[in-house]
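Student: Take this structure, written in structure tokens, and hold onto it; I'll ask about it next.
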Amino acid sequence: VPELARALGGCSTPGCRAVLGEPPEVPPAPPALTHEQWLLFTRLLRHDADAEGGAVLAPDGSTLTLGPLFAGMEVGLKRATGRPTPTLQPPIDALYAVTVTEALGTAFLLARGGDGQRAALGPAGCWDDVDDPQNYTLLGPPSPIPDAIATGAMDGVLLGAQLAREPIPLADLLRSYYGTGNGTEKGRPPSSYRRRDFGVLTGPGKLEEEVVAMLRVLRELPPTQELLENVGAEEMVAIARRAARDFTEVYVECPAIVPRCMWGARPYRGTPKPLTLPLGSVYIHHTLSPGDPCRTFAACAGAMRAMQQFHQDTRGWDDIGYSFVVGSDGYLYQGRGWHWVGAHTKGYNSEGYGVGYVGDFSAALPDPDTIALVRDELLPCAVRTGRLRRNYTLRGHRQMGHTDCPGNSLFREIETWSGFK
């Protein structure tokens, strides 16, 4: 299957060809696939595939491109069966080369000398219908590495590494990694941990080293020699350092946030009021209703729609009140987001972000990983990106008004967090 993906154009860049060889000829449609399935597979991996045309919606609610996913799995399978990949000079890690480092090195090489913005990364995008996804549209100007390509690359590294250790059938691997349906009955699927697991597997310094090595290889390949002929060794290291740093900050150290259009948000009513950043406070809530934690993308998206409907139609608010909502599926969901005043903590909405955990946490706690999603990922990310002051204050909703929110158990938990007062 990975070789078929490569034949269709899933690995057509100079570096990927150098690592995995020239793609095989496109075979006739495999008898195991229907005509419609073959057309879809061909379309998703065609040579001109971009982040909109080559993207798929995974069962856990994340969007990824298939090219880097299959390329990483092919490297893993070759390692598992002892089939060598070409030895390139300088030596490179083939698993990273075919998934992320060629794309990163090339993107930041082309973006150097720009305006200092992260023009090489992002944006996210949304599907027209998450139950019957047909069209995927980016939420901003395209870059060389939109979120879908970054996600496919991280998954390619993780699944390639897993196959190198244990060559199991790809269908079993994909089902177990992404879960089935729109989530999984056995708790969070491994794919919801991709950012954490990629960071652990890659470790500090590894990504920068591999981007440098890949740029040196690209300087020797005829299709890319001209691109690098005037780039010295020091500049090459500087490009790799920035590429690795920015990718890590955006896709490893910050949690994934599901945009409004992915959970099916209604439009905002009226004109949103902008926040003045950085903010000085964070207010922790629980939703109470829904009272059960949501553990799949479908359940969390449904909870978001129900809360927005209640807040708009019953409360008469302009939008869902929270800045962000925390699912127990491993993802944060965008409410009013980073930039707009919410309706979460009366009298203090313009002073801080309102973060609501889905569920009733009067007597029970969210899962440890769901607690950590805010404490160890969202809050440090907000500080690093300049949205929250370093000396921010964290409080429970009950400290700011007459309410039991965020529940006794969750309140006792956040009393132990950094910044609590």
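The values are calculated or read from the model by the stated rules, or taken from the named source; none is laboratory data. What you see is a predicted model; the values in this text were computed from it and never measured. Positions of Cβ are backbone-derived with ideal geometry, glycine not excepted, and every protein chain shown enters the neighbour counts. Accessible surface areas use protein heavy atoms only, side chains included; no ligands, DNA or RNA. Shrake-Rupley method; radii C 1.70, N 1.55, O 1.52, S 1.80 Å.
Student: Please report, in debye to the nearest 20, how large the charge dipole of the chain is about its Cα centre when each Lys and Arg carries +1 at its beta carbon and each Asp and Glu carries -1 there.
Tutor: 1160
Student: Let me ask another. Give the Rg/Rh ratio for segment 180-285, taking Rg as the radius of gyration of the Cα atoms and Rh as the Kirkwood radius, to two decimals.
Tutor: Ratio value, two decimals: 1.13.
Student: Would you work out which of Tyr353, Cys294, Gly72 lies farthest towards the positive end of the dipole of the chain, given +1 charges on the beta-carbon of Lys and Arg and -1 on that of Asp and Glu, about the Cα centre?
Tutor: Farthest along the dipole direction, towards plus: Tyr353.
Student: Once the other residues with Cβ under 14 Å from the Cβ of Glu166 are scored (Lys, Arg +1; Asp, Glu -1), what is the net sum?
Tutor: Summing Lys/Arg as +1 and Asp/Glu as -1 gives +1.
Student: Just to check I understand the Karplus step: with θ = phi - 60° and J = 6.51 cos²θ - 1.76 cosθ + 1.60, what whole-Hz values come out for segment 310-320, glycine and proline as x?
Tutor: With the stated coefficients, segment 310-320 comes to 5, 5, 7, 7, 8, 6, x, 7, 6, 6, 3 Hz.
Student: Starting from the residue with the highest accessible area, list Tyr193, Tyr322 in decreasing order, probe 1.4 Å.
Tutor: Correct descending sequence by accessible area is Tyr193, Tyr322.
Student: What aspartates and glutamates could a cross-link reach from Lys346, if we take a straight Cα to Cα line under 15 Å and drop same-chain neighbours fewer than 8 places away?
Tutor: Within reach: Asp318, Asp319, Asp404.
Student: Follow-up. Can you give me the Cα centroid spacing of segment 379-418 and segment 265-300 in angstrom?
Tutor: Here the two parts' Cα centres lie 14 Å apart.
Student: List every residue whose amide H lies under 5 Å from the amide H of Trp340, counting only residues 5 or more places away in sequence or on a different chain, with H placed 1.01 Å from N in the peptide plane.
Tutor: For Trp340, whose amide H was placed from the backbone, the distant partners under 5 Å are Leu275.
Student: Taking N as the number of residues in segment 248-327, what value does Rg over Cα atoms divided by 2.2 N^0.38 Å take?
Tutor: In units of the 2.2 N^0.38 Å rule of thumb, it is 1.20.
Student: Expressed in nm to one decimal, what extension gain is obtained for the pair Thr137 and Glu249 from 0.36 nm per residue of sequence separation less their Cα-Cα distance?
Tutor: Contour length minus the Cα-Cα distance gives 37.9 nm.
Student: On the accessible surface of the chain, probed at 1.4 Å, how many percent belong to carbon and sulfur atoms?
Tutor: Carbon-and-sulfur percentage of accessible area, whole number: 52.
Student: On to the next question. Over the chain, with the other protein chains present, what is the accessible area per residue in square angstrom, probe 1.4 angstrom?
Tutor: Per residue, the chain has an accessible area of 45 Å².
Student: Let me ask something else about it. Fully extended, how many nm does the chain gain between Ala171 and Glu234 (0.36 nm per residue separation, minus their Cα-Cα distance)?
Tutor: Taking Ala171 through Glu234 to full extension adds about 18.3 nm, to one decimal.
Student: Further question: Identify, among Val56, Leu20, Gly280, the residue whose Cα sits farthest towards the positive end of the charge dipole of the chain, taking +1 on the Cβ of Lys and Arg and -1 on the Cβ of Asp and Glu, with the dipole about the Cα centre.
Tutor: Gly280
Student: Let me ask another. Computed FRET efficiency, Cβ-Cβ of Ala80 and Arg241, R0 41 Å: what is it to the nearest 0.05?
Tutor: Calculated transfer efficiency: 0.80.
Student: Specify the inter-centroid distance of segment 315-371 and segment 168-247, based on alpha-carbon positions, in whole Å.
Tutor: Computed from Cα coordinates, the inter-centre distance equals 31 Å.
Student: Let me ask something additional. Equivalent-ellipsoid semi-axes (√(5λ), Cα gyration tensor) for segment 261-415, whole Å, largest first?
Tutor: 20, 20, 15
Student: Pick out, from Tyr392, Ala238, Leu158, the residue whose Cα sits farthest towards the positive end of the charge dipole of the chain, with +1 on the Cβ of Lys and Arg and -1 on the Cβ of Asp and Glu.
Tutor: The listed residue farthest towards the positive side: Tyr392.
Student: Give me the dipole magnitude in Debye, nearest 20, for segment 261-415 about the Cα centre, with unit charges on the beta carbon: positive for Lys and Arg, negative for Asp and Glu.
Tutor: Using only the charged Cβ atoms, the result is roughly 580 debye.
Student: To continue, here is another question. Go through segment 314-421 and name the GluC sites (Glu not before Pro) that are in a DSSP coil and have 14 or fewer other Cβ atoms within 10 Å of their Cβ.
Tutor: Glu415
Student: Continuing with this model, one more query. Under a plain spin-label model, where a point goes 7 Å from the Cα along Cα-to-Cβ, how far apart in nm are His35 and Trp338?
Tutor: Those two pseudo-labels are separated by 4.8 nm.
Student: Rounded to the nearest 10 Å², what accessible area does Thr34 have for a 1.4 Å probe in the complete protein model?
Tutor: Thr34 exposes around 70 Å² with every protein chain in place.
Student: Hey, another quick one. Counting helices only, and only those DSSP H runs with n ≥ 4, report the 222 nm mean residue ellipticity of the chain as the sum of -39,500 (n - 2.57) divided by its residues, in deg cm²/dmol to the nearest 500.
Tutor: One gets -11000 deg cm²/dmol as the mean residue ellipticity at 222 nm.
Student: Is there a quick way to get the dipole size of segment 212-301? I mean about its Cα centre, with the Cβ of Lys and Arg at +1 and of Asp and Glu at -1; what is the value in debye to the nearest 20?
Tutor: Value, rounded to 20: 640 debye.
Student: Same structure, new question: Which length gain, in nm to one decimal place, applies between Arg389 and Ala364 when the Cα-Cα distance is subtracted from 0.36 nm times their residue separation?
Tutor: Gain in length upon complete extension: 6.0 nm.
Student: May I pose another question? Filter the GluC sites (Glu not before Pro) in segment 216-304 down to the DSSP loop ones having no more than 11 other Cβ atoms within 10 Å, then list what survives.
Tutor: Of the GluC sites (Glu not before Pro), the ones in loops of segment 216-304 whose Cβ has at most 11 other Cβ atoms within 10 Å are Glu229.
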